[in-house]
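**Student:** I have a structure I would like to understand better, so I am pasting it below and will then ask my questions one at a time.
The values are calculated or read from the model by the stated rules, or taken from the named source; none is laboratory data. Keep in mind the model is a prediction, meaning the values are calculated, not measured. Neighbour counts run over all protein chains shown; Cβ positions are idealised from the backbone, glycine included.
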Amino acid sequence: MKIFLDTSDVDVIKHHYQTGLVDGVTTNPTLMMQAGRNPVEVISEISSVFSGRGYRIGSISAEVVADNAEEMILQAEQYHSIGDNITIKVPCTYEGLKACKALSDRNIKVNVTLIFSLSQSILAAKAGASYISPFVGRCEDNNIDGIDLISSIKRVFTLNSITTTNILAASIRNIEHINDSYKAGADIVTLPPKIFEEMYKHSLTDQGLAQFDKDWKELNK
Ligand code: E4P
C-alpha cells in the first residue's frame with residue numbers, strides 16, 4: 001500500500017519526504033507549468049530527494065509530451081539518464097502504448113496515464129507498463145465510476161495473474177477517493193500534497209488531545 005505525491009513542487013516533496021511515508025512522486029505537464037521551471041531540472045531534483053542515504057529510492061514519474069512514439073522515446077531516454085528511480089509517463093494512446101512496449105522491453109519503467117477504461121488498462125499491461133493511472137476525479141467529472149473501474153482492473157489483473165503492473169489511482173480530490181481506491185484494490189494512490197496533509201486529521205483526535213494536554217497540566221501543577 002504505497003503513497004505517492006502528485007506535485008512538481010520540490011520543496012513540498014522534500015518536506016513530506018521526511019515523514020518516511022512517501023514512496024514516490026507523479027508529475028504531469030500541468031504540474032510542471034505550475035512549477036514554472038525546466039522539467040528536466042525539476043525531475044533531477046526530485047530524483048535526488050529520493051536518492052538520499054538510508055531512504056527508499058521511490059518512483060518519480062516524468063511525463064513525455066509528443067505525438068509519436070519515436071519522439072516520446074527520445075524524451076524518455078533523457079529523463080531515464082537522470083537516475084534509476086525515474087519512471088516514464090506516457091499517455092494511453094496508440095503511440096504512447098508503442099513507446100511503452102519499446103521502453104519496457106528495455107527494462108525502463110513506464111506509467112501509462114490518462115486511463116479511463118478497462119480496455120485501456122489491459123493494453124497498457126500487455127505493453128509492459130509498471131504502472132497504470134486510472135483518473136478517479138476526472139472519471140467522476142464525466143459520470144464514469146472511477147472506483148468501479150479500479151475494481152474491474154483489479155479483478156481482471158488478478159484473474160490473469162498480472163502482478164507486474166501496479167494500479168496507481170490518480171486524479172484524487174478527497175479522502176473518500178483515497179479510501180475507496182485502496183478498498184477497490186489500488187496498489188498506490190497519488191495525492192495532491194493538501195490531501196496528504198488531510199489524511200491524518202480528525203476532529204476527535206484534536207478533542208482527545210486537548211483533553212489529555214489539560215489533564216497532564218493538571219497532574220503536573
Ligand atoms: C496523475 O498522475 C496526474 O498527475 C494527476 O493525478 C491528475 O490529476 P487532476 O485530474 O487533478 O489534474
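**Student:** So which of Phe212, Phe196 is touching a His at 6+ places or on another chain (Cβ under 8 Å) and either surrounded by 14 or more Cβ atoms within 10 Å (Cβ to Cβ) or over 29 Å from Val12 (Cβ atoms) (or both)? I'd like the intermediate steps shown before the answer.
**Tutor:** Details: Phe212 fails: touching a His at 6+ places or on another chain (Cβ under 8 Å).
Just one listed residue meets the conditions, Phe196.
**Student:** Are any residues in the range 92-106 crowded, with 22+ Cβ neighbours inside 10 Å and touching a strand residue (DSSP E or B) at 6+ places or on another chain (Cβ under 6 Å), and if so, which ones?
**Tutor:** Scanning the range 92-106 gives Cys92, Gly96, Ala99, Cys100, Leu103.
**Student:** Mind listing just one residue for me: the one in the range 26-46 that is in contact (Cβ under 8 Å) with a residue 40 or more places away in the chain and outside any loop (DSSP other than H, G, I, E, B) and, of those, nearest to Val65 (Cα to Cα)?
**Tutor:** In this case the residue turns out to be Val40.
**Student:** Moving on. What single numbered condition from (1) touching a helix residue (DSSP H, G or I) at 6+ places or on another chain (Cβ under 6 Å); (2) in a helix (DSSP H, G or I); (3) basic (Lys, Arg) fails to hold for Lys154?
**Tutor:** Looking at each condition in turn, Lys154 falls short on (1).
**Student:** Sort out which residues of the range 10-43 are within 16 Å of the ligand (Cβ to nearest atom), touching a strand residue (DSSP E or B) at 6+ places or on another chain (Cβ under 9 Å) and hydroxyl-bearing (Ser, Thr, Tyr), and write them in order of number.
**Tutor:** Result: Thr26, Thr27.
**Student:** Could I ask something else about it? Checking Val65 against (1) within 14 Å of the ligand (Cβ to nearest atom); (2) closer than 28 Å to Met1 by Cα, which test does it fail?
**Tutor:** Unmet for Val65, out of (1) within 14 Å of the ligand (Cβ to nearest atom); (2) closer than 28 Å to Met1 by Cα: (2).
**Student:** Looking at the range 118-128, can you tell me whether even one residue there is within 16 Å of the ligand (Cβ to nearest atom) and not in a helix (DSSP H, G or I)? Please lay out each step first, then the result.
**Tutor:** Initially, the range 118-128 is screened for residues within 16 Å of the ligand (Cβ to nearest atom), giving 120-121, 124.
The next check asks that each one be not in a helix (DSSP H, G or I); those that pass are none.
Looking through the range 118-128, none of the residues is within 16 Å of the ligand (Cβ to nearest atom) and not in a helix (DSSP H, G or I).
**Student:** With the requirement that a residue be touching a helix residue (DSSP H, G or I) at 6+ places or on another chain (Cβ under 6 Å) and either within 16 Å of the ligand (Cβ to nearest atom) or of a type outside the set (Val, Ile, Thr) (or both), what does the range 80-97 give you? It would help to see each step written out before you state the result.
**Tutor:** To start, the set of residues in the range 80-97 that are touching a helix residue (DSSP H, G or I) at 6+ places or on another chain (Cβ under 6 Å) comprises 82-83, 85-86, 88, 90, 92, 95, 97.
Those that are touching a helix residue (DSSP H, G or I) at 6+ places or on another chain (Cβ under 6 Å) and either within 16 Å of the ligand (Cβ to nearest atom) or of a type outside the set (Val, Ile, Thr) (or both): Gly83, Asn85, Ile86, Ile88, Val90, Cys92, Glu95, Leu97.
**Student:** Could you grab me the full set of residues in the range 131-149 that are among the small types (Gly, Ala, Ser) and crowded, with 23+ Cβ neighbours inside 10 Å?
**Tutor:** Across the range 131-149, the qualifying residues are Ser133, Gly146.
**Student:** Could I ask something else about it? Would you mind telling me which numbered condition in (1) in contact (Cβ under 8 Å) with a residue 24 or more places away in the chain; (2) out of contact with any Ser or Thr (no Cβ under 6 Å at 6 or more places or on another chain) Phe212 fails?
**Tutor:** Status for Phe212: all satisfied but (1).
**Student:** Just a yes or no: is a residue in the range 98-109 assigned to a strand (DSSP E or B), farther than 22 Å from Val40 by Cα and either within 13 Å of the ligand (Cβ to nearest atom) or not hydroxyl-bearing (Ser, Thr, Tyr) (or both)?
**Tutor:** Keep residues of the range 98-109 that are assigned to a strand (DSSP E or B), which gives none.
No, the range 98-109 has no match at all.
**Student:** Can you tell me which residue within the range 160-177, out of those that are among the hydrophobic types (A, V, I, L, M, F, W, C) and within 12 Å of the ligand (Cβ to nearest atom), is farthest from Ser104 (Cα to Cα)? Spell out the reasoning first.
**Tutor:** Just the residues of the range 160-177 that are among the hydrophobic types (A, V, I, L, M, F, W, C), to begin with: 162, 167-170, 172, 175.
Cutting the leftovers down to within 12 Å of the ligand (Cβ to nearest atom) gives us 168-170, 172.
Numbers: Leu168: 17, Ala169: 21, Ala170: 21, Ile172: 27 Å.
Restricting to residues being among the hydrophobic types (A, V, I, L, M, F, W, C) and within 12 Å of the ligand (Cβ to nearest atom), the top hit is Ile172.
Per-residue answers, yes or no, for (1) closer than 19 Å to Ser171 by Cβ; (2) modelled with pLDDT of 95 or more; (3) surrounded by fewer than 13 Cβ atoms within 10 Å (Cβ to Cβ):
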{"residue": "Phe4", "(1), (2), (3)": "yes, yes, no"}
{"residue": "Val10", "(1), (2), (3)": "no, yes, no"}
{"residue": "Gln18", "(1), (2), (3)": "no, no, yes"}
{"residue": "Met33", "(1), (2), (3)": "yes, yes, yes"}
{"residue": "Glu41", "(1), (2), (3)": "no, yes, yes"}
